[in-house]
1. With respect to S190, determine if the residue is touching a strand residue (DSSP E or B) at 6+ places or on another chain (Cβ under 8 Å) and either hydroxyl-bearing (S, T, Y) or free of Cβ contacts under 8 Å to residues at least 12 places away in the same chain (or both).
2. Collect the residues in segment 177-192 that are of a type in the set (A, V, I, L, M, F, W, C) and assigned to a strand (DSSP E or B), keeping them in residue-number order.
3. Note down all Cβ pairs under 6 Å where the first residue falls in segment 122-146 and is more than 30 Å from A92 (Cβ to Cβ), the second is of a type outside the set (A, V, I, L, M, F, W, C), and they're at least six residues apart or on different chains.
4. Does segment 107-157 hold any residues that are crowded, with 16+ Cβ neighbours inside 10 Å, acidic (D, E) and closer than 20 Å to V238 by Cα, and which are they?
5. Please enumerate the residues belonging to segment 180-193 that are crowded, with 19+ Cβ neighbours inside 10 Å and of a type in the set (V, I, T).
6. Any idea which residue in segment 234-249 is surrounded by the most Cβ atoms within 10 Å (Cβ to Cβ), counting only those that are of a type in the set (A, V, I, L, M, F, W, C) and in a loop (DSSP other than H, G, I, E, B)?
7. Go through segment 274-303 and report how many residues are closer than 28 Å to P110 by Cα and surrounded by fewer than 14 Cβ atoms within 10 Å (Cβ to Cβ).
8. When segment 272-285 is examined, which residues are found to be farther than 20 Å from K115 by Cα, touching a strand residue (DSSP E or B) at 6+ places or on another chain (Cβ under 6 Å) and either of a type in the set (D, E) or not in a loop (DSSP other than H, G, I, E, B) (or both)?
Amino acid sequence: MQRRASLLALSAVAVAALLPVTGFAQAWPARPIRLICPFPPGGGTDVVSRLVAEKLGPALNTSVVVDNKPGAGGNLGMDQAAKAAPDGYTLAMGQTSNLAINPTLYANLPFNPLKDFVPVALVASQPMVLVVRTDAPWKTLGDLVAAARARAGSVTLASAGNGTVGHLAGEMFARQAGIEFVHVPYKGASPAITDLMGGQVGIFFASAGAIVAQLQPGGRLRALAVSSAQRMAKLPNVPTIAESGYPGFEAADWKAVVAPAGTPAAVVNRVNAEIARILQSRDALDRLAAEGSDPLGGSPEKFAEFLKSENVKWSRIVKDSGAKVD
């Protein structure tokens, strides 16, 4: 009788050990989810973060709250995400700079994009737009290059932070054109655009979503070129950098959701599936198209392969450009 009681007790312990996993899968999410955006409100990453949060919350029957954590080219927010508990209640909107460029650009990155995160879902891709104020003396990309060559260091390049796609696109272009820009990093696209319009800086490689309103008639910015291989449907009259005399030039800013390493696969797969549904909705597609973005999507496994290939690609570009941040 005593032996039977012991066996029953051991069985109960074994079943109890399984309950947290089963219960977690069934109960999640039981409270709001935080989506860390590593840049300030108003920029391209923030726009996509808020779109995902708005749609993902109702799909999961909870609230998804965007938490802007800007600084260090997106590294500050991504580091917080990497160190968060892998319990399914912290996600982050990573992008090209902090997940693929910064590992090579920064000498001491506080996180490893390939080890400290689990890929959840690719969301969208967007080319960069080289913009200046409408009252700037440069009407074309050729005008800008001629001015930079005539007076070295006279053109200031704003960026959303060290290591962002805009920063590196500027470095790549300067190298290919044989000119130099004075780099002025900001804590996100919004303050960079504010200073660009105010005349404190000269040029900015911006995501289309952050500046499209200012490119309309009456706006305060003018587009000189786009960084994609083909012209953007949203800006059909703006030439590409490649067609403007710099063949092969291409740089895109993609956005993707990641979670801290160790986040349960059930959570990762559920969020991936819901984001896939979001990217098929007409409203989401229209809103992405309005800011010049293309939807991506795909499985977590596809994202993992893509992330590895992007790290290889951008590592080479960073080294070739000579850009480095201590």
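The values are calculated or read from the model by the stated rules, or taken from the named source; none is laboratory data. The model shown is predicted, which means the values in this text are computed figures rather than measured ones. FYI the Cβ positions are ideal-geometry reconstructions off the backbone, even for glycines, and counts take in every protein chain you see.
1. On the way: touching a strand residue (DSSP E or B) at 6+ places or on another chain (Cβ under 8 Å): no; either hydroxyl-bearing (S, T, Y) or free of Cβ contacts under 8 Å to residues at least 12 places away in the same chain (or both): yes.
The answer is no for S190.
2. Just the residues of segment 177-192 that are of a type in the set (A, V, I, L, M, F, W, C), to begin with: 177, 179, 181-182, 184, 189, 192.
Answer for segment 177-192, where residues must be of a type in the set (A, V, I, L, M, F, W, C) and assigned to a strand (DSSP E or B): V182, V184.
3. Close Cβ pairs satisfying both conditions: V132/R222; T134/R220; T134/R222; L141/S244.
4. Narrowing segment 107-157 to residues crowded, with 16+ Cβ neighbours inside 10 Å: 109, 111, 113, 116-133, 136, 138, 141, 144-145, 147-148, 155-157.
Adding the requirement that they be acidic (D, E) leaves 116.
The answer is none; no residue qualifies.
5. Within segment 180-193, I193 is the sole residue that qualifies.
6. Residues of segment 234-249 that are of a type in the set (A, V, I, L, M, F, W, C), as a first pass: 235, 238, 241-242, 249.
If we keep only those that are in a loop (DSSP other than H, G, I, E, B) as well, we get 235, 238, 241, 249.
On the way: L235: 18, V238: 18, I241: 28, F249: 20.
Per the criteria, the residue is I241.
7. 1
8. To start, the set of residues in segment 272-285 that are farther than 20 Å from K115 by Cα comprises 273-285.
Checking the rest, the ones that are also touching a strand residue (DSSP E or B) at 6+ places or on another chain (Cβ under 6 Å) come to 275, 279.
Across segment 272-285, the qualifying residue is only I275.
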